[in-house]
1. What value, in deg cm²/dmol to 500, does the helix sum -39500 (n - 2.57) over DSSP H runs of n ≥ 4 give at 222 nm once divided by the residues of the chain?
2. Just order 75-81, 103-109, 466-472 by mean Cβ neighbour count inside 10 Å, highest at the front, would you?
3. For q values of 0.15, 0.29 Å⁻¹, compute log₁₀ I(q)/I(0) with the Debye formula on a Cα-only model of region 152-214, without solvent.
4. Taking the Cα atoms only, what angle lies between the long axis of helix 484-501 and the longest principal axis of the chain, rounded to 10 degrees?
5. Tell me which residues come under 5 Å, amide H to amide H, from Ile193 once H is placed; ignore anything under 5 positions away on its chain.
6. Starting from the Kirkwood radius over alpha-carbon pairs of the chain, derive D by Stokes-Einstein at 37 °C in a medium of 0.692 mPa s and give it in µm² s⁻¹.
7. With a sphere of radius 15 Å drawn around the Cβ of Asn433, what net charge do the other residues whose Cβ falls strictly inside it have (Lys, Arg +1; Asp, Glu -1)?
8. For region 259-474, calculate the relative contact order in percent as a whole number, restricting contacts to Cα pairs under 8 Å that are 6 or more residues apart.
Amino acid sequence: MKNKAKSLMFLGTGSDVGKSVLAAAFCRIFKQDGFRVAPFKAQNMALNSYITPEGGEMGRAQVVQAEAAGIEPHVDMNPVLLKPTSQMGSQVIVRGKAVGNLSARDYYAYKTSLIPVVRECYQRLAEQYDLVVLEGAGSAVELNLKAHDIVNLAMAEMADARCILVGDIDRGGIFAALLGSYMLMTPEEQGRILGFMVNKLRGDPALFTSGVEILEARSSRPVLGVIPHYSHIALQEEDSVALQRRMRQNAGAQRSESALAVGVVRLPFISNYTDFDCFEQEPGVELIYFDRPAEVFHFDAVILPGSKNTLQDLEFLKKSGLSDAILAFAKSGGTVVGLCGGYQMMGLRVQDPHGVESSLREVGGLGLLDMETEMYPDKITSQVEALPAVENHWAASLDSPLGGYEIHMGRSVSLGTARSLFRIVRRDGGEVNILEGLTQPDGRVWGTYIHGIFDNDAFRGSFLREVQRRSGKAAVTGSSPFSYREWKETQYDLLAEHVRRHTDMKRIYREMGIAV
């Protein structure tokens, strides 16, 4: 394959070693250095996704990397997305559109047909940009999976990419991880490796000098960076590993009695939990993920998030006792919000006659909103703009369109008592007039299909002020302007500065044949 762009790929010794974050850092570094750069990951498995302006669905990590690169996300950056719907299967999304649910066995048989798609998407990016930053998946040397690989070393060969092998020192075993991974590569594959990056070091990098010498002596490859662990930068994350880490941190954290406590139910098939990242940066707010009924009354507001398997997650709520606890919380005056799958759960019932998401055909809902939902085989994926559609409501004063996106298989129908919350005025760039979402008259219980609704600063501020008013807490929340978009831009700059400071960028540029 002949490419216009130079390509740099981050391969990993395993999952969650920091490939996505380092790829984002390099996207911002290359942008800062004057290059037109785009991210690429041939195949991603994640429950957090995003809808592009063209209505295509892609993984959140490549969205973060595109934002770091200063460009609009496009499905070419993530041509294959797998969204787990059970322990054994996933919804397969190709070029932004769902093609069906496949078991792991069936997907491996299907995967070879995706090679031309991956090649075509990569080639388009390579023709448009100066640099493409690629990301691998999991371990780059899972020998039993190499024959079907389209995302790690096979992708590096397809793109003729130079590669950096990343290991996580914080989990231990860094020498076995990096040297073992390198030694399992063929001589041709080893020839693509520019060097190693040691990620998440706690302490002084100077104390790892002997470690650098050992790695370089054993491999004849340089250590290009030793990146210290950081706590002053926050980026959106996309996988369940990161979410479990957050829950462990929350479990041992001291909570502020004056802060507004927003609880998000940790569903087994939770999706798009990046919808709530904005709350973690909001002054006076604590965001906590939970999965025990006893915790419900600790919160000022409870959110039911998106789900990739709404019926099974609804069953989980009932069997765990969470449904009874949430209903009691709502009856006692608590605020309950549902987004997408969580919104569907708030109705009277959810039906899946076509087996779109699971083997369950109908599950009774929480009954918080007077509506019913049915799953359909065709998926709605759209960017939208909406205005509040209710009077005498805490959101009614908002007069600027709220941006967001829809990703759902279900269609919900109101049965009359609840009121529509939004009026969608634009969908995929075209003018429309569609009522969407439902709210109880007092505004405490409401739901919507619009992901990203809380990223709108004015809407989030109004919601928090209303929750604060009902809670009676003295903390002033949402009264000072806080731009989530500007905050994210600052994080990308901080990340680039941190990684650049601890990386031999001159050598990387030189080895890639790039003059700076």
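Nothing in this text is a laboratory measurement; each read-out follows from the coordinates by a stated rule. If you're wondering where the values come from, they're calculated on a predicted model, not measured in any experiment. For neighbour counting, all protein chains shown are included, and Cβ atoms are generated from backbone atoms with ideal geometry for every residue, glycine included.
1. Values: 16 runs with 161 residues, N = 516.
Mean residue ellipticity at 222 nm (helix-derived): -9000 deg cm²/dmol.
2. Values: 75-81: 27.0, 103-109: 12.9, 466-472: 16.4.
The densest-packed peptide leads the list: 75-81, 466-472, 103-109.
3. Each listed q maps to, in turn, -0.51, -1.30.
4. 20 degrees
5. Those lying under 5 Å, H to H, from Ile193 are Cys163.
6. On the way: Rh = 24.0 Å.
D, rounded to a whole number, is 137 µm²/s.
7. Working: positive: Arg423, Arg426, Arg427; negative: Glu385, Asp428, Glu431, Glu436.
Once positives and negatives cancel, what remains is -1.
8. Working: 503 pairs, mean separation 40.3, N = 216.
This gives 19 percent for region 259-474.
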